[in-house]
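Q: Take this structure, written in structure tokens, and hold onto it; I'll ask about it next.
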Amino acid sequence: MQVNQFHSLFYAFTFYFFGLVAIASAIAFVTRKSPVAAAVWLVLVMFSLAALYVMLDAQFIGAIQVLVYTGAIMVVFLFVIMLLNLGNPSELADARGKWGYLAALLIGLVMLAEVMALTRSNTIDRMIPPDLAAKAAAAAAAPLAGGVIGPIAAPLFNEYLLAFELTSVLLLAAIVGAVVLSKRRTNAR
Amino acid sequence: MLVEALALSAVLFTIGVIGVLTRRNAIIIFMCVELMLNAVNLSFVALSTLHGATGQVFVVFTMTVAAAEAAVGLAIIIAIFRHTQTVNLQNINILKG
Amino acid sequence: MMIPAMTPEGAHPLATTVARLVWLLPLLPLLGFLINGTLAMLGVAKVGPADPSAGHDEHAHAAHTGGHDDHAHHAPTRHKFAGIVSLIGPGVLIAAFGLAVACFLAMRGVEMEHPYIVTLYQWMPVGDLNLAATFQLDQLSMVMVLVVTGVGTLIHVFSVGYMQEDPGYPRYFAYLNLFIFFMLILVLGGNYPLLFVGWEGVGLCSYLLIGFWFSEKANADAGKKAFIVNRIGDFGFLVAMFLMFANLGALDFGNVAAKAAELPMGGVMATTICLFLFLGCAGKSAQIPLYVWLPDAMAGPTPVSALIHAATMVTAGVYLIARSATLFSMAPTAQLVVALVGGLTAFFAATIGLKQWDIKKVLAYSTVSQLGYMFVAVGVGAYVAGIFHLVTHAFFKALLFLGSGSVIYAMHAAYHATHKHDDAQDMRNMGGLRKFMPVTFYLMWIATLAIAGIPFFSGFFSKDEILGSVFARAHGSTLADASLLGVPGGTILMLIYGLGLASALMTAIYMTRMMLYTFHGPNRTGEAERPHLAEAPWIMTGPLVVLGALSLVGGWLNVPALLGAIGPVGVLDHWLEPVVGEAALRTTLGAAPHMTHETELMLVGVAIAIATAGIAFAVWRLKPAALVAKKDAVAPQGIDRILENKYFVDEGYDKGIVQPTLDVSRVVLWKGLDTGIIDGLFVNGSALLARAIGWMGSQLQTGQVGTYAWVLLIGVITLLGAFTFR
């Protein structure tokens, strides 16, 4: 994989732009009364994240983020909202009270502080493997085999084959479960 | 960019947490959980710039599992809605002890 | 268990004689207890308004009740098992006495240097302590066994007549047999713990028998009082045993004596052990300050008073000190204490006896006083004199008690016939009974002369020997050399001698007073009752005759050298010499106490003079004709009042000890500790705590997912915090 040189100003600007969009959309998402509006804002968050993925040199992930997450999962969410007719905002207003909001905000801030503390740059520095520069140079010298997908596909079907198969079983279980759970019972009421 | 990405991931995760704590609508809470999962995906991808493609492989798995989970979870919500005609979590307290 | 200086059991000369059956001695009365007890339980079982124990001491009414059932709470017929019990109860005693005599004869036939020890079984092999249950048969225990079984047999036979109408007849004999069993364990035990088993057992039987008619609260209270006061003494005995084991390393008599002889003379440890032992004796043998239970114990049936509270149980303390002779001889200060307390008790109780109106109370205080004499004797190291007085006292005191039992029996019969409810034991209601019960009259006079110390009756010899011993040791013994609280021992001994003389004088006075008021003068019982006053049946008078004979000739057991012309000198002295001789010699500094002939004659003369003076004084000053019946009696004034109310000691104890204890128990222990802390704080409190925690837990189970999400995230933050601040 190629290590991009992240010092370009354009790059930084784009990164911050999409980051801020993500945060703003997330805050908007969390504070909407209507589930449909919330879903749409979440879609926007996911788009921003997809852009960030691409910028972080995970183009495939960015693509499937749009395809799977926004295209499939969020669509399912919207379908369910529509099916159950939950779109009306007036019945669903929260009445948790301002103390609840403050407490939640406090918990969130504390967690953020802790996570930030844990991700100090020296922690990051310790995570950098010592032969990073050598690996980056070697990777830059050698052309990519299999294009962008290759580095993902190769481990997926080699080292993580078992996990891959298990995931397929998981999907099967999910499908069966979903069908069973949402079937209408026609005979025994 | 790594540090900024990780910071962004933390912030998004926190927003998701606040959403889970604050909202009462089951579907919105579910969507907040999806937001948290996305934040974690961002973390994985950011760190994969450092440690190789393994991070992205994990993101594939995470997304798959998120999809399965969304399907099943929504099916459950449908089933509950059919039973109680509401998705307001405060009214679903049959397990109250 | 190694017994140094004792020959192994198999080599003892007694081992081949009948004495090897010594274990059978206590077993026979135990058998009697089991059989009589079973019969008692098979009989009437309920306790209530028509209960078997509801009699009073005015119990044994005549067999002919006519057709009228006057006292609803008497069962007028004999118990259905009375016949068998009458055979078994006294029967086992007669058998035991026979065996005791056989053992005695066997003992006389051999040379006994060492005691004969029979090991029954290993009792407590624990660490350093290797205690076996052993019976020790030596000269001292033989004397005690003979007294216990002999006098016991007579009293059992007497009881057959006295208790014949009592609904609790089998129970009575069961308890009486149990008492003999425990008493024999006490005197035969070969080590202190086994003696203590007997000690406690006789205390138990005393309680059971004092409260025999327990449906009257006063009787039950008297039993409780006896037991509790005894307990205080038992504590002393236990502490003494602990000290003995800790310091001497042994608990059997032989080893304790051997180790005690190695202690420093007059040392602290020996003195402490002896003082604690004496505390036990003070409880069991009713000395100051623990004598208060004995007068109350008169609530029991009269034969019980005779057996337990005159002849046997109360003498256990004297026996104990005689057994621990070596130990006591190493602690002159303790000996002085024993003798002094004995002397004071003798004096104190005699003063109270001067003014008592209940015939049994007079005898009770007399017993306390005479026990004081015995403790004076063993206190000054004259163990033989003490045991001698024990034996003679058993004879004449049992005779006195049984005689008073006959009197009370007759008085009850009279009152029962006329349906009066006066006090049948009060001397003011008696008088002139010599006409109606001559046999009892003469026998009781024999006993009175004996106790007063008139020459050639048994009490004369024993009492005189005690007083003589005190006098002799005042001038040449370890005691005279020792001192108590700064007062030299010699002075104390002379003080004790003085107290002894004064008590002898008062003894003569109050006993004569008793006889005068009961048997002489006009009869105050009443016109209607007089025809019913009669002598008791022969089954009761028979034992009295035997005891009378013994009171007459008992003195020949230990004739002093001064009067050697009348019989063999010092029989008991020689008999007991192997057991207590060495300890006695240690007290008198190695030589037998020697007084010149003149001194001895003077002492004897003084004693005789005092005895006669007391009797004469009583006869001259006390006018039975001037007495009135109890119901018309005026309340006493001044010194009379103090003496009659026994110096208000019981009231003092009650106010000073009993009530505070009860108050502390009620307020602090019951309300505060038991109800408040244990019930409230611990029991209810822990239940409350469990409920509170449960409530707190249940508050978390809201059943809402939102709550669980909150809790989850708080947990996450805590975990992250642990990592962050590591």
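Q: The conditions are (1) surrounded by fewer than 19 Cβ atoms within 10 Å (Cβ to Cβ); (2) modelled with pLDDT of 90 or more; (3) among the polar types (S, T, N, Q), and C:SER483 fails exactly one of them. Which is it?
A: All conditions are met except number (2).
Q: Just give me the residues in region C:180-202 being within 18 Å of C:PHE235 (Cα to Cα) and either charged (D, E, K, R) or open to solvent by 10 Å² or more (accessible area, probe 1.4 Å) (or both), in sequence order. Walk me through it before giving the result.
A: Filtering region C:180-202 for residues within 18 Å of C:PHE235 (Cα to Cα) gives C:186, C:191-202.
Across region C:180-202, the qualifying residues are C:PRO193, C:LEU194, C:PHE196, C:VAL197, C:GLU200.
Q: Also, quick follow-up: Could you run through region C:506-531 and say how many residues are open to solvent by 10 Å² or more (accessible area, probe 1.4 Å), more than 23 Å from C:THR351 (Cβ to Cβ) and of a type in the set (Val, Ile, Thr)?
A: Here the count works out to 0.
Q: Then there's this: For region C:348-381, give me each residue that is assigned to a loop (DSSP other than H, G, I, E, B), open to solvent by 10 Å² or more (accessible area, probe 1.4 Å) and more than 17 Å from C:ALA508 (Cβ to Cβ). Can you show your working first?
A: Pass one, region C:348-381, residues assigned to a loop (DSSP other than H, G, I, E, B): C:354-357, C:380-381.
Next cut, open to solvent by 10 Å² or more (accessible area, probe 1.4 Å) only: C:354-357.
C:TRP357 - this is the single residue of region C:348-381 that is assigned to a loop (DSSP other than H, G, I, E, B), open to solvent by 10 Å² or more (accessible area, probe 1.4 Å) and more than 17 Å from C:ALA508 (Cβ to Cβ).
Q: With the condition being within 14 Å of another protein chain (Cβ to nearest Cβ), within 30 Å of B:VAL33 (Cα to Cα) and hydrophobic (A, V, I, L, M, F, W, C), I'd like the helices (runs of 4 or more DSSP H) fully within region C:629-710 carrying at least 2 qualifying residues. Write out each step before concluding.
A: On the way: elements: C:638-644, C:649-653, C:659-663, C:685-700.
Counting at least 2 such residues, we get C:685-700.
Q: Take the conditions closer than 24 Å to B:PHE81 by Cβ and within 7 Å of chain B (Cβ to nearest Cβ) and apply them to A:ALA58. Does it pass?
A: No; evaluated as a whole, the condition is false for this residue.
Q: Turning to a different aspect of this structure: Determine which single condition A:LEU67 fails, assuming it passes every other condition in (1) in contact with a helix residue (DSSP H, G or I) (Cβ under 9 Å, 6 or more places away or on another chain); (2) open to solvent by 50 Å² or more (accessible area, probe 1.4 Å).
A: With (1) in contact with a helix residue (DSSP H, G or I) (Cβ under 9 Å, 6 or more places away or on another chain); (2) open to solvent by 50 Å² or more (accessible area, probe 1.4 Å) applied to A:LEU67, the lone miss is (1).
Q: Checking B:VAL3 against (1) touching a residue at least 40 places away in the same chain (Cβ under 8 Å); (2) of a type in the set (A, V, I, L, M); (3) surrounded by fewer than 19 Cβ atoms within 10 Å (Cβ to Cβ); (4) facing another protein chain (nearest Cβ under 7 Å): exactly one of these is not met. Which one?
A: Among (1) touching a residue at least 40 places away in the same chain (Cβ under 8 Å); (2) of a type in the set (A, V, I, L, M); (3) surrounded by fewer than 19 Cβ atoms within 10 Å (Cβ to Cβ); (4) facing another protein chain (nearest Cβ under 7 Å), the lone unmet condition for B:VAL3 is (1).
Q: Has region B:59-68 got at least one residue that is at pLDDT 85 or above and more than 8 Å from every other protein chain (Cβ to nearest Cβ)? Quick ask: steps written out before the conclusion?
A: First pass over region B:59-68, keeping only residues at pLDDT 85 or above: B:59-68.
Keeping just the survivors that are more than 8 Å from every other protein chain (Cβ to nearest Cβ) gives B:62.
Yes: one or more hits.
Q: Tell me whether region C:272-292 contains one or more residues that are closer than 30 Å to C:SER215 by Cα, among the aromatic types (Phe, Trp, Tyr) and crowded, with 24+ Cβ neighbours inside 10 Å.
A: Yes.
Q: Now a separate question. For a quick check of your reading of the model, give me the residue pairs whose first member lies in region C:209-225 and is farther than 24 Å from C:ASN177 by Cβ, whose second is aromatic (Phe, Trp, Tyr), with beta-carbon atoms closer than 9 Å and at least 6 apart or on different chains.
A: C:LYS225/C:TRP293
Q: Under 7 Å by Cβ, and 6 or more places apart or on different chains, what pairs join a residue from region B:13-39 that is facing chain A (nearest Cβ under 7 Å) with one that is assigned to a loop (DSSP other than H, G, I, E, B) and of a type in the set (Asp, Glu)?
A: Every condition considered, the pairs that remain are B:THR22/A:ASP94; B:ARG23/A:ASP94; B:ARG24/A:ASP94.
Q: Looking at region C:417-426, is at least one residue without any contact (Cβ under 8 Å) to a residue 12 or more places away in the chain and out of contact with any Cys (no Cβ under 6 Å at 6 or more places or on another chain)? Break it down into steps so the answer makes sense when it comes.
A: As a first pass, look at region C:417-426 and keep what is without any contact (Cβ under 8 Å) to a residue 12 or more places away in the chain: C:421.
Okay, now just the ones that are also out of contact with any Cys (no Cβ under 6 Å at 6 or more places or on another chain), so C:421.
Yes, there is a match, as at least one residue in region C:417-426 is without any contact (Cβ under 8 Å) to a residue 12 or more places away in the chain and out of contact with any Cys (no Cβ under 6 Å at 6 or more places or on another chain).
Q: I've got another one for you. Quick one: would you say A:LEU112 is at pLDDT 80 or above, loosely packed, with under 13 Cβ neighbours inside 10 Å and within 30 Å of A:VAL36 (Cβ to Cβ)? Let's see the steps before the verdict.
A: Working: at pLDDT 80 or above: yes; loosely packed, with under 13 Cβ neighbours inside 10 Å: no; within 30 Å of A:VAL36 (Cβ to Cβ): yes.
In short, no.
Q: Any residue in region B:82-94 that is away from chain C (no Cβ under 12 Å) and closer than 19 Å to A:VAL76 by Cβ? Please lay out each step first, then the result.
A: Taking region B:82-94 first, the residues away from chain C (no Cβ under 12 Å) are B:82-86.
Those left that are additionally closer than 19 Å to A:VAL76 by Cβ: B:82.
Among the residues of region B:82-94, at least one is away from chain C (no Cβ under 12 Å) and closer than 19 Å to A:VAL76 by Cβ, which makes the answer yes.
Q: Something else: Could you tell me whether any residue of region C:663-676 is over 30 Å from C:VAL229 (Cα atoms) and open to solvent by less than 70 Å² (accessible area, probe 1.4 Å)?
A: Within region C:663-676, one or more residues are over 30 Å from C:VAL229 (Cα atoms) and open to solvent by less than 70 Å² (accessible area, probe 1.4 Å).
Q: Follow-up question, since we're still on this one. Name the one entry in B:GLU69, B:GLU34 that is among the acidic types (Asp, Glu), open to solvent by less than 10 Å² (accessible area, probe 1.4 Å) and at negative phi.
A: B:GLU34
Q: Is it the case that some residue within region C:610-625 is small (Gly, Ala, Ser), over 19 Å from C:ALA452 (Cα atoms) and part of a helix (DSSP H, G or I)? Spell out the reasoning first.
A: From region C:610-625, those small (Gly, Ala, Ser) are C:611, C:613-614, C:616, C:618, C:625; that's our starting set.
So of that shortlist, the ones also over 19 Å from C:ALA452 (Cα atoms) come out as C:625.
Still in the running and part of a helix (DSSP H, G or I): C:625.
Yes, because at least one residue in region C:610-625 is small (Gly, Ala, Ser), over 19 Å from C:ALA452 (Cα atoms) and part of a helix (DSSP H, G or I).
Q: Let me ask something additional. Is it true that A:ALA28 is among the aliphatic types (A, V, I, L, M), more than 8 Å from every other protein chain (Cβ to nearest Cβ) and within 18 Å of B:THR22 (Cα to Cα)?
A: Working: among the aliphatic types (A, V, I, L, M): yes; more than 8 Å from every other protein chain (Cβ to nearest Cβ): yes; within 18 Å of B:THR22 (Cα to Cα): yes.
Yes.
Q: Here's another thing I want to ask about it. Within region C:331-362, track down each residue that is under 20 Å from C:ALA424 (Cβ atoms) and aromatic (Phe, Trp, Tyr).
A: The one that is under 20 Å from C:ALA424 (Cβ atoms) and aromatic (Phe, Trp, Tyr): C:TRP357.
Q: So, C:PHE237, is that one assigned to a helix (DSSP H, G or I), under 21 Å from C:ALA325 (Cα atoms) and among the hydrophobic types (A, V, I, L, M, F, W, C) or not?
A: Values: assigned to a helix (DSSP H, G or I): yes; under 21 Å from C:ALA325 (Cα atoms): yes; among the hydrophobic types (A, V, I, L, M, F, W, C): yes.
Spelling it out, C:PHE237 is indeed assigned to a helix (DSSP H, G or I), under 21 Å from C:ALA325 (Cα atoms) and among the hydrophobic types (A, V, I, L, M, F, W, C).
Q: Just to be sure I understand, how many residues within region C:146-177 are charged (D, E, K, R) and open to solvent by 20 Å² or more (accessible area, probe 1.4 Å)? Steps first, please.
A: The initial filter retains those residues of region C:146-177 that are charged (D, E, K, R), namely C:165-166, C:171.
Subset that is open to solvent by 20 Å² or more (accessible area, probe 1.4 Å): C:171.
Number of matching residues: 1.
Q: For region B:40-54: of the residues being open to solvent by 10 Å² or more (accessible area, probe 1.4 Å) and modelled with pLDDT under 90, which is nearest to the other protein chains (Cβ to nearest Cβ)? Write out each step before concluding.
A: First, the residues of region B:40-54 that are open to solvent by 10 Å² or more (accessible area, probe 1.4 Å): B:40, B:43-44, B:47, B:49-54.
Among the residues that remain, those that are also modelled with pLDDT under 90 are: B:47, B:49-54.
Working: B:LEU47: 8, B:THR49: 6, B:LEU50: 6, B:HIS51: 7, B:GLY52: 7, B:ALA53: 4, B:THR54: 6 Å.
Among those that are open to solvent by 10 Å² or more (accessible area, probe 1.4 Å) and modelled with pLDDT under 90, it is B:ALA53.
Q: Residues in region C:331-347 that are open to solvent by 10 Å² or more (accessible area, probe 1.4 Å) and out of contact with any Ser or Thr (no Cβ under 8 Å at 6 or more places or on another chain): how many?
A: 4
Q: Still on this structure: Between a residue in region C:634-649 that is within 11 Å of C:LEU354 (Cα to Cα) and any residue that is of a type in the set (Val, Ile, Thr), which pairs come within a Cβ distance under 8 Å, given they are 6 or more apart or on different chains?
A: That search, which allows pairs on different chains as well, returns C:LEU643/C:THR351; C:LEU643/C:ILE352; C:LYS646/C:ILE352.
Q: Which of the numbered conditions does A:GLU165 fail, given that it passes all the others? Conditions: (1) at pLDDT 85 or above; (2) surrounded by 11 or more Cβ atoms within 10 Å (Cβ to Cβ).
A: It is condition (2) that A:GLU165 fails.
Q: Something else now. Does C:ALA385 count as modelled with pLDDT of 90 or more, in a helix (DSSP H, G or I) and under 21 Å from C:LEU501 (Cα atoms)?
A: Spelling it out, C:ALA385 is indeed modelled with pLDDT of 90 or more, in a helix (DSSP H, G or I) and under 21 Å from C:LEU501 (Cα atoms).
The values are calculated or read from the model by the stated rules, or taken from the named source; none is laboratory data. This is a predicted model, so every value here is computed, not measured. Don't worry about glycine lacking a Cβ; one is built from the backbone with ideal geometry, like all the others, and counts go over all protein chains shown. Ligands, DNA and RNA are stripped out before the accessible areas are found, and what is left, the full protein with its side chains, is counted by its heavy atoms. Shrake-Rupley method; radii C 1.70, N 1.55, O 1.52, S 1.80 Å.
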